[in-house]
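A short worksheet on the structure shown next.
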2 protein chains.
Amino acid sequence: MPLIVQKYGGSSVADAERIINVAKRIGAVQKSGAAVVVVVSAMGDTTDELIELAHTISHEPHAREMDLLLSTGELVSSTLLTMALRELGHEAISLSGPQAGIRTDTSFGRARISRIEPARVRRELDAGRIVVVAGFQGITAEDDITTLGRGGSDTTAVAIAAALQADRCEIYTDVEGIYTADPRIVSGARKIDEVGYEEMLELASLGAKMHPRSIELGGVYRVPIYVASSFSDTPGTLIHTGNQMEDRIKVTGIAYNANVAKITVQSVPDRPGLAAALFEPLAEASISVDTIVQNTGGDKSTDISFTVSRTDLPAAVRLVEGMAQQLGAAGVVSSAGLAAVSIVGSGMQNTPGYASRMFRLLANGGVNIDMITTSEIRISCIIDESQGRDAVRLLHEGFQLDRS
Amino acid sequence: MPLIVQKYGGSSVADAERIINVAKRIGAVQKSGAAVVVVVSAMGDTTDELIELAHTISHEPHAREMDLLLSTGELVSSTLLTMALRELGHEAISLSGPQAGIRTDTSFGRARISRIEPARVRRELDAGRIVVVAGFQGITAEDDITTLGRGGSDTTAVAIAAALQADRCEIYTDVEGIYTADPRIVSGARKIDEVGYEEMLELASLGAKMHPRSIELGGVYRVPIYVASSFSDTPGTLIHTGNQMEDRIKVTGIAYNANVAKITVQSVPDRPGLAAALFEPLAEASISVDTIVQNTGGDKSTDISFTVSRTDLPAAVRLVEGMAQQLGAAGVVSSAGLAAVSIVGSGMQNTPGYASRMFRLLANGGVNIDMITTSEIRISCIIDESQGRDAVRLLHEGFQLDRS
């Protein structure tokens, strides 16, 4: 009997009517002869409402307490969905994260799954039941409840699919799949039928917004992930490691991130350990650094520029200014109004011409490039945010992504 | 260091402002040098709202799912109260029922605590923390969440106090203690300073409505229970086994229950096992039978009358009618509009004159008595509900309860 893990997001279970609709979809899958595990997010805006409630009580709610509080959202949706399934005549049971054996580390608010003990899930499946698991939550070795961070239910679903060696993991959301560009920016953006895990990591912001760790996990355990809408039967996007992808050398999509800020440490004396000294305080403050560019001039001093998310900019500047003084730098300058535009495609690195074609397209469109970085499957340019959306459209058209 | 267990009901934590007030009260107790465990109910009407939500999805929500759903209410209030305590600078931690080691049987919706494993609570207390426990909930040996039934947080609090051998258990609610009669019926009702466990069981409906099992448990483990208002500092009522109570032979209070219905099985042939045959089906249907009166006439047949709560009447009549036919009874009659009025006081049974004085007071007031039952500490009369409130006032005045 095939085993399918399905995940339904908050908008898919936002009210009683939608919960009943989802129950009908799940029932149909079971009737077709599959065993089904369902992972659910909290109803609609529940999580945001709980966070707001906590902030009426405490300026900085304690992370452990916040996680125990937030975990209730998924308990509510999973029990209600189970009641709906039973009302339709299906045998079903809901399991909390701990009951489903989701073990995590102790990083409250952004815990990582350390392992899954699926004995109870297996037992309930063997008893012919649909198993509804509360997403987004787990339990530490010390018996404390954790949450996996925004979008963490995706990771719950993929991790359970991996632990149960499920045939596939289906992520149902309010958009119909992954697109070649953000459909709100590019009207001609097309839905992608299939995509590799690494590409998907780069494209995660296009259409269905998936939890990046769920895609990493899917890649490691080779779990095929199908992303589609819970509101229609239109085919979605399959994320997997297919044969045809090894040969594919074209651009899959244009990623875009408008939340970019840049910091430059000017004329800092160049010596070993410089970058480490500069970036360690940022790492300790959990500030994620993206693009890093170092230009060493002839005079034994160097400029180091890097990007952070715009929300982290004030804290990052504070930390960097302290360090720059110690390192003997001439100064620190920063700017907030930047964006990153990227072309993404597996195998691109091994094929010449993509980078130069990207730069030419941007140049022809009058877009100035501030910084450049590349990875195996991605070429990114940091540009002025005011030109960001135009740049996405230029590249989408230039790489002919509007044609299938 | 004294150890105090406090319980705050739903109205005491109904909104952010009240939660902060409760946190201030708790903080003051800790500052006075006591170790504190706090048990909380769900905020305001949360439990009713969750029940209503479940009924929008399912006509008869599955009991196991309902318990997991309802358990979220106390998780929310306990985490928010903990955040409030931390915001005030106190070290505090919230524990779910399972984390606090509340083990129960598998009777979903009305589970009984089988034992408490207080290791985690002790560890957190030893670390100098205020421990906030989610009331009303526990976990079975099979790792399923249960709830203890309406008012179950009282039982959580007393059970934890017993397991930790706490110095006392304080139940904070929205009334100021236990009264000699329902203050809504008798304007001269007085607050009782102290009362025994058995008396309290009979008086549980007067003023502070406590979960009966919490009082039983308090009596078995000799936990002093203090009932008072969380909205004022007026002294409340202490439930305990004091020396002075052994000597006290007066009436403590007038209990009243307006939710009484009576069923009479007429002229049923008298033989051994008759009562068992009649009442077993009711017990199986979880219908609680109160007063039972059997009058055997001279003709080897008997009338059996008994009372049930009014809400159980239709189901009880159905069951009894089937059984009465098998037993060869002449018929079954029932009436719904009855009430029970009782005088309650420890040692009353050993002192003559209370029963006759009660009957005389009712007779002088023109109140007709339908049925009578007595226990060690209670004499109850079943009367017409239309005369019920007058009867309470007559007895309260007649036994001089308005004078201290």
Tell me which of these B:ARG120 doesn't satisfy, since it passes every other one: (1) crowded, with 23+ Cβ neighbours inside 10 Å; (2) touching a Gly at 6+ places or on another chain (Cβ under 7 Å); (3) farther than 17 Å from B:LEU217 by Cα. (1)
Restricting the range B:385-404 to residues that are open to solvent by 80 Å² or more (accessible area, probe 1.4 Å) and not polar (S, T, N, Q), the one modelled with the lowest pLDDT turns out to be B:ARG403
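Would you point out which residue out of A:ILE372, A:ILE377, A:ILE382 is within 28 Å of A:THR264 (Cα to Cα), within 24 Å of the chain's Cα centre (by Cα) and surrounded by fewer than 16 Cβ atoms within 10 Å (Cβ to Cβ)?
Numbers: A:ILE377 fails: surrounded by fewer than 16 Cβ atoms within 10 Å (Cβ to Cβ); A:ILE382 fails: surrounded by fewer than 16 Cβ atoms within 10 Å (Cβ to Cβ).
Answer to the check: A:ILE372.
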Unmet requirement for B:SER375, which otherwise passes all of (1) under 19 Å from B:SER288 (Cα atoms); (2) touching a strand residue (DSSP E or B) at 6+ places or on another chain (Cβ under 6 Å); (3) not β-branched (Val, Ile, Thr): (2)
Which of (1) in a helix (DSSP H, G or I); (2) away from chain A (no Cβ under 11 Å); (3) surrounded by fewer than 17 Cβ atoms within 10 Å (Cβ to Cβ) is the odd one out, the single condition B:GLN30 does not satisfy? (3)
Let me confirm something: among A:SER153, A:SER96, which residue is without any contact (Cβ under 8 Å) to a residue 60 or more places away in the chain, surrounded by 24 or more Cβ atoms within 10 Å (Cβ to Cβ) and within 17 Å of A:VAL76 (Cα to Cα)? A:SER96
All but one of (1) within 15 Å of A:THR82 (Cβ to Cβ); (2) within 12 Å of another protein chain (Cβ to nearest Cβ); (3) within 24 Å of the chain's Cα centre (by Cα) hold for A:VAL38, so report the exception by its number. (2)
Identify all residues within the range B:41-70 that are more than 8 Å from chain A (Cβ to nearest Cβ), assigned to a loop (DSSP other than H, G, I, E, B) and among the polar types (S, T, N, Q); write none if there are none. B:SER41
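Does A:THR147 meet the test of being over 18 Å from A:ALA34 (Cβ atoms), in contact (Cβ under 8 Å) with a residue 24 or more places away in the chain and within 14 Å of another protein chain (Cβ to nearest Cβ)?
Details: over 18 Å from A:ALA34 (Cβ atoms): yes; in contact (Cβ under 8 Å) with a residue 24 or more places away in the chain: yes; within 14 Å of another protein chain (Cβ to nearest Cβ): yes.
Against the criterion (over 18 Å from A:ALA34 (Cβ atoms), in contact (Cβ under 8 Å) with a residue 24 or more places away in the chain and within 14 Å of another protein chain (Cβ to nearest Cβ)), A:THR147 qualifies.
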1 or more residues at the interface with another protein chain (Cβ under 10 Å from one of its Cβ atoms) and not small (Gly, Ala, Ser): qualifying strands (runs of 3 or more DSSP E) within the range A:71-125: A:92-95
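So in the range A:171-185, with the set limited to residues that are among the aliphatic types (A, V, I, L, M) and crowded, with 24+ Cβ neighbours inside 10 Å, which one is nearest to A:SER12 (Cα to Cα)? Steps first, answer last, please.
Taking the range A:171-185 first, the residues among the aliphatic types (A, V, I, L, M) are A:171, A:175, A:178, A:181, A:185.
Filter once more, so that each one left must be crowded, with 24+ Cβ neighbours inside 10 Å: A:171, A:178, A:181.
Numbers: A:ILE171: 11, A:ILE178: 17, A:ALA181: 23 Å.
Only one residue tops the list, namely A:ILE171.
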Consider only pairs whose beta carbons are under 9 Å apart and that are at least six residues apart or on different chains; among these, list those whose first residue lies in the range A:171-199 and is under 18 Å from A:GLY398 (Cα atoms) and whose second residue is among the charged types (D, E, K, R) and crowded, with 22+ Cβ neighbours inside 10 Å. A:ILE192/A:GLU199
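Residue-wise test of (1) farther than 14 Å from A:ASP67 by Cβ; (2) in contact with a Pro (Cβ under 6 Å, 6 or more places away or on another chain); (3) modelled with pLDDT of 95 or more.
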| position | (1), (2), (3) |
| --- | --- |
| A:ARG112 | no, no, no |
| A:GLU117 | yes, no, yes |
| A:VAL121 | yes, no, yes |
| A:ALA127 | yes, no, yes |
| A:VAL133 | yes, no, yes |
| A:GLN137 | no, no, yes |
| A:THR140 | no, no, yes |
| A:ASP143 | no, no, yes |
Filter the range B:60-82 down to the residues that are free of Cβ contacts under 8 Å to residues at least 12 places away in the same chain and under 19 Å from A:ALA134 (Cα atoms) and list them by number. B:PRO61, B:HIS62, B:GLU65
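Out of the strands (runs of 3 or more DSSP E) lying entirely within the range A:266-351, which hold 3 or more residues that are modelled with pLDDT under 85 and crowded, with 17+ Cβ neighbours inside 10 Å?
On the way: elements: A:289-296, A:301-309, A:331-344.
Filter on the range A:266-351 gives an empty set.
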In contact (Cβ under 8 Å) with a residue 12 or more places away in the chain, assigned by TED's automatic domain parsing to the domain that holds A:GLN137 and surrounded by fewer than 24 Cβ atoms within 10 Å (Cβ to Cβ): is that true of A:ARG103 in this structure? yes
Out of B:ILE57, B:ILE51, B:ILE116, I need the residue that is touching a residue at least 24 places away in the same chain (Cβ under 8 Å) and of a type in the set (A, V, I, L, M, F, W, C). Which one? B:ILE116
Could you give me the residue pairs with C-beta distances under 9 Å whose first residue belongs to the range A:212-241 and is assigned by TED's automatic domain parsing to the domain that holds A:GLY44 and modelled with pLDDT of 90 or more, whose second residue is among the hydroxyl-bearing types (Ser, Thr, Tyr) and in a loop (DSSP other than H, G, I, E, B) wherever it lies, and which are 6+ apart or on separate chains? A:GLY219/A:THR241; A:ARG222/A:THR241; A:PRO224/A:THR241; A:ALA228/A:THR234
Mind listing whichever residues of the range A:325-345 are farther than 20 Å from A:LEU395 by Cβ, hydrophobic (A, V, I, L, M, F, W, C) and out of contact with any helix residue (DSSP H, G or I) (no Cβ under 8 Å at 6 or more places or on another chain)? A:ALA329, A:ALA330, A:VAL333
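Taking the criterion of being in a loop (DSSP other than H, G, I, E, B) and either farther than 15 Å from A:GLN30 by Cα or among the charged types (D, E, K, R) (or both), would at least one residue in the range A:153-161 satisfy it?
Kept after step one, since they are in a loop (DSSP other than H, G, I, E, B), are these residues of the range A:153-161: none.
Checked against the condition, which is being in a loop (DSSP other than H, G, I, E, B) and either farther than 15 Å from A:GLN30 by Cα or among the charged types (D, E, K, R) (or both), the range A:153-161 yields no hits at all.
The values are calculated or read from the model by the stated rules, or taken from the named source; none is laboratory data. Source: prediction; values computed, not measured. No Cβ is skipped: glycine too gets one built from the backbone with ideal geometry, and neighbour counts run over all protein chains shown. These area figures cover heavy atoms from the full protein model, side chains too; ligands, DNA and RNA do not enter into them. Shrake-Rupley method; radii C 1.70, N 1.55, O 1.52, S 1.80 Å.
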